[in-house]
Amino acid sequence: MEAIRALRRWAAIGPAELVALLRDDSATVTCQAATTLLPRAAELDPHPLLALLRPDNPPHVRLTGYRLLTAGTTWQRLATNLRLVDDRMRGYGPPPARTGPPGWSVTPRPPTVARAGTRRSSWTS
């Protein structure tokens, strides 16, 4: 971990070497490599980063891949989030697209007589 910090300060390590460190067994090493790559995430080739999202990778590797992919361009972030809509790994990435914000119902409720009179129209003064 300290070696990566030192190399980052001296600008002595390139993106290719850092991307290789993203698969390290140590979450600390992976985090330091990702921290170094984040400012230039839009310049990275997305194909090696997409490989980090595979379900057989450890959670810290998958989360690092997600962080770097969503830190890139807007289209890359959108494509990454759509790719992970059905992802089964809970607690990582955005909430599933089928759910709304907490407390919101995703299935519409039919209006009732009691609720129909409670809304005020903006057209009336």
> Among Tyr92, Tyr66, which is of a type in the set (Ser, Thr, Tyr) and at pLDDT 85 or above?
Replying inline: Tyr66
> Counting only residues that are under 15 Å from Thr30 (Cα atoms) and touching a helix residue (DSSP H, G or I) at 6+ places or on another chain (Cβ under 7 Å), which one in segment 43-60 is surrounded by the fewest Cβ atoms within 10 Å (Cβ to Cβ)?
Replying inline: Pro48
> Cβ-Cβ below 6 Å, separation at least six or inter-chain, first residue in segment 61-79 and over 11 Å from Thr30 (Cβ atoms) and touching a residue at least 24 places away in the same chain (Cβ under 8 Å), second part of a helix (DSSP H, G or I) and of a type in the set (Val, Ile, Thr): which pairs?
Replying inline: Leu69/Thr80
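The values are calculated or read from the model by the stated rules, or taken from the named source; none is laboratory data. Just so it is clear, the structure is predicted and the values come from calculations on it, not from any experiment. Neighbour counts are summed over all protein chains in view; Cβ atoms, including those assigned to glycine, are modelled from backbone coordinates with ideal geometry.
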